[in-house]
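**Student:** One structure is given below, represented as structure tokens, and several questions about it will come after.
Read-outs: derived from the displayed coordinates by stated rules, not from any lab. Remember, it's a predicted structure, so these values are computed and weren't measured experimentally. Methodologically, a virtual Cβ is constructed for each residue, glycine included, from the backbone with ideal geometry; neighbour enumeration extends over all protein chains shown.
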Amino acid sequence: MSNKRDPRYDILFEPVKIGPVTAPNRFFQVPHCNGLGNWAPRAVAEMRGAKAEGGWGVVCTEIAEIHHSTELHPFPSLPLWDDSDIAQLALMPEAVHGHGSLAGIELGHFGIAAGNRWGRTPVLGPSTVPTLESAEPFHAKAMDKTDIREFRRWHRNAAVRAKKAGFDIIYVYCSHALSLIGQFLYTSINSRTDEYGGSLENRARLLREVLEDTKEAVGDSCAVALRFAVHDMTFDGGPRFDGEGREVVEMLSDLPDLWDVNVSDWSNDSATSRFSKEGFQEPFVSFVKQITDKPVVTVGRFTSPDTMVSQIKRGITDFIGAARPSIADPWLPRKIDEGRADDIRECIGCNVCVSGEWSYSPMRCTQNPTVLEEWRRGWHPERIAAKKSDDQLLIVGGGPAGLECALAAARRGYDVTLAEATTELGGRVTLESALPGLSEWARVRDYRVFQLQQMPNVEIYLESGLNAEQVREFGFDRVAIATGAHWRRDGVGRHHSAPIEGSGRDTVFAPDDVMRGARLTGPVLVYDSESAYLGSLMVERLCEEGHEVTLVSPTAQIAGWTQLTMEQPRITARMYAMCHEVLTDHEIVSLAPGDVTLRHLWSGTRRTMPIGAVVLVTSRLPNDSLYHDLVSNSDSLADAGIKSVDRIGDCLAPHLIAAAVYSGHRYAQEMDEDVPETPFSRKDTVWSSFAVGG
């Protein structure tokens, strides 16, 4: 790395000793899942390796299961059940060590949070209680003394295997209510009357024993870290930062080589930007460094180097911990070191990355379209292949797909012209980031616009709506249509295959109208049959404007999709606090002047409500008329010298902003490339270690 950094940030690049190992700097990618587990170990190793190359001094795995008695099938997980798992795991530290960083592994047993559907082994817990993993009527087996001895042996053996695999830091996991060790601490879970129950000292006994076992087994050459939730915001009987959380730190202060502290559960630890801002965990974790002399790592979705420096200088932490910011920009540390802090691709806190894990799929990122494509497609977060031709590219539309396409194509060396019909760039990002709580989403636009402004091979034209004739007149070699999509005003969507009766009235609005400042009168009904994030945001915007709002949804849950981003409980609570009334399991039957008729889906009961305006949040349609006008006459395209016309982003298929960014990036990556029929590698090691299931 260069020495161009601002001297104010020198403290971030100081080495820090962790037991028998030394981290080269203070940037610490804490353990985080990725939606692949052991399904594609080379892909995971390349993803972690890209972070080490980008300057993260410590790079960690997700939870590695220590034994076959703890698995989350069908969730993609990372087993370390026996020696057959070592070879796959060793790919990750090898990739990380190649860039001079330390590799950490988080050893864990899910306890009552496990499902054990694969091995059909009884779920283990401190006491016989219902399991947390699903709504199925599973109960845990209360561990006896033999089970506890065996558990300690499993953990010790896993630590030895991790050392053989080449890891430098070995975690004892006690966080997020997902750890058997941590579950012993909860009075609501642990009702034991022996030496592992009752007093805090007894409930923390297993934690102490496992830490001592791990240090004895591998502590000569590996650092032993404790990941501990000092404050639980979700479950009863758990640690609190001003109570037993603090007492545990006092009790064990000098035992781990590193304290990795956070809040629980995961939805609180990884709260979205809609509900929590940068550094939000500080009030709960700041006491830890007052108690221990061992190094401390904390998280808080840190993206600002000034905030990072403040955290260290004020004695809050020794390491800048990050999961989501390291996904959004694997080269964040390197950019600070090279004096390029303005080039950081800042995390927007949308939790699309988390949604991959919860939907059994590879991790995605709204800001970083290359994540987990490093091995599979050969994409790098910062480098991109040079252009293969002198083709000139016209992009029509300056939303997320168009901006990312322009940036990636320009970095390849293509001359790019971007035409945007409105007075500002950003498309749906600009509209949605103005909604309550989503201001950080504007980073998707701002990062790309700033980068494009530095590039001499990019021309941007605002207020430049184009028709097919004008596109043909310009004669660009390639044309990418990124004109986005629009919300339907007729109610057609997942729950209505035909327009809702009366939806053509002038008192019926789409989200686009609300976001563009339409004036609504009278009580407002928001009808959310999409059940993602936007319906609840329509409610918030309208309540801010002083409207009395009723929220109606044909689904059983409010904003059901946001379970994947771990926001659904917060959104539900906010809706009940803000709305005049919330009606789930109801559909709109018809709209009339001044009222709406609803039907309860299960009882069939109908109800007519007086309403001044209705906002239909149902589905979207692509703005693809320009595309069809162009491709309908292939001869005219050839005469104009246009080699190809393609749709990207929402114009191709309405989806998440992350998908639009990815679509734009993929188009730029594949321009003039000979793309195989299967455009990504899939010859990775799959399923091998599940053969040793219980």
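**Student:** For ASP293, put the label point 7 Å out on the Cα→Cβ axis and report which residues of the stretch 305-326 keep their amide N under 17 Å from it.
**Tutor:** Residues passing the 17 Å test: 318.
**Student:** Okay, moving on. Multiply the residue gap between PHE275 and ILE312 by 0.36 nm, knock off their C-alpha separation, and tell me the result in nm, one decimal place. Walk me through the intermediate numbers first.
**Tutor:** Details: separation 37, 0.36 × 37 = 13.32 nm, distance 2.45 nm.
Roughly 10.9 nm would be gained on extension.
**Student:** Given Cβ point charges of +1 (Lys, Arg) and -1 (Asp, Glu) and nothing else, what value in debye, to the nearest 20, does the dipole of the stretch 7-356 about its Cα centre take?
**Tutor:** On the way: 37 positive and 48 negative charges, 49 e Å.
Charge dipole, the stretch 7-356, about its Cα centre: 240 debye, nearest 20.
**Student:** Run the quick spin-label model on GLU382 and VAL675: label points 7 Å from Cα toward the beta carbon, then report their separation in nm to one decimal.
**Tutor:** 2.7 nm
**Student:** With everything on Cα atoms, drop me the angle between helix 443-453 and the longest principal axis of the chain, reported from 0 to 90° to the nearest 10.
**Tutor:** Result, in degrees: 70.
**Student:** Between helix 205-218 and the chain, what is the angle of the helix's C-alpha long axis to the longest principal axis, kept within 0 to 90° and rounded to the nearest 10?
**Tutor:** Around 90 degrees separate the two axes.
**Student:** Sticking with this one: What distance in nm separates the two pseudo spin-label positions at ALA592 and ALA142, each 7 Å out from Cα along the beta-carbon direction?
**Tutor:** 6.2 nm
**Student:** Say each of ALA518 and SER439 gets a label point 7 Å from the Cα, pointing the same way as Cα to Cβ; how far apart are those two points in nm?
**Tutor:** 2.7 nm
**Student:** Would you mind checking the pairs LYS163/LYS289; LYS277/LYS387; LYS215/LYS277; LYS215/LYS335; LYS163/LYS683; LYS17/LYS145 and listing those with alpha carbons more than 32 angstrom apart?
**Tutor:** Working: LYS163/LYS289 28 Å; LYS277/LYS387 40 Å; LYS215/LYS277 36 Å; LYS215/LYS335 36 Å; LYS163/LYS683 27 Å; LYS17/LYS145 37 Å.
Where the Cα-Cα span goes over 32 Å, the pairs concerned are LYS277/LYS387; LYS215/LYS277; LYS215/LYS335; LYS17/LYS145.
**Student:** Once you order the gyration tensor axes a ≥ b ≥ c over the Cα atoms, which shape class does the stretch 488-620 get: rounded for a/c under 1.5, otherwise prolate or oblate by comparing a/b with b/c?
**Tutor:** Cα axes put the stretch 488-620 in the rounded bin.
**Student:** Grab the beta carbon distance between ASP390 and LYS683, set R0 = 41 Å, and tell me the FRET efficiency rounded to 0.05.
**Tutor:** That gives a FRET efficiency of 0.75.
**Student:** Using the Cα gyration tensor of the stretch 358-405, with a ≥ b ≥ c the square roots of its eigenvalues, what is the shape: rounded (a/c below 1.5), prolate (a/b larger than b/c) or oblate (neither)?
**Tutor:** Oblate.
**Student:** Same structure, new question: Assuming R0 = 22 Å, can you tell me the calculated FRET efficiency for the pair THR422 and ALA653, based on Cβ-Cβ distance, to the nearest 0.05?
**Tutor:** The calculated FRET efficiency here is 0.50.
**Student:** Which FRET efficiency, nearest 0.05, do ALA532 and GLU94 yield, Cβ-Cβ r, R0 51 Å?
**Tutor:** Efficiency at R0 = 51 Å is approximately 0.80.
**Student:** Can you tell which of VAL288, THR298, HIS99 lies farthest toward the positive end of the dipole of the stretch 7-356, using +1 and -1 charges on the Cβ of basic and acidic side chains (Lys, Arg; Asp, Glu)?
**Tutor:** HIS99
**Student:** Compactness ratio of the stretch 7-356: Cα Rg over 2.2 N^0.38 Å, N = residue count?
**Tutor:** Taking the Cα Rg and dividing by 2.2 N^0.38 Å, one obtains 0.92.
**Student:** Determine the relative contact order of the chain: mean sequence separation of Cα pairs under 8 Å and six or more apart, normalised by residue count, in whole percent. Don't skip to the answer; put the middle values down first.
**Tutor:** Working: 1598 pairs, mean separation 89.0, N = 694.
For the chain, the relative contact order is 13 percent.
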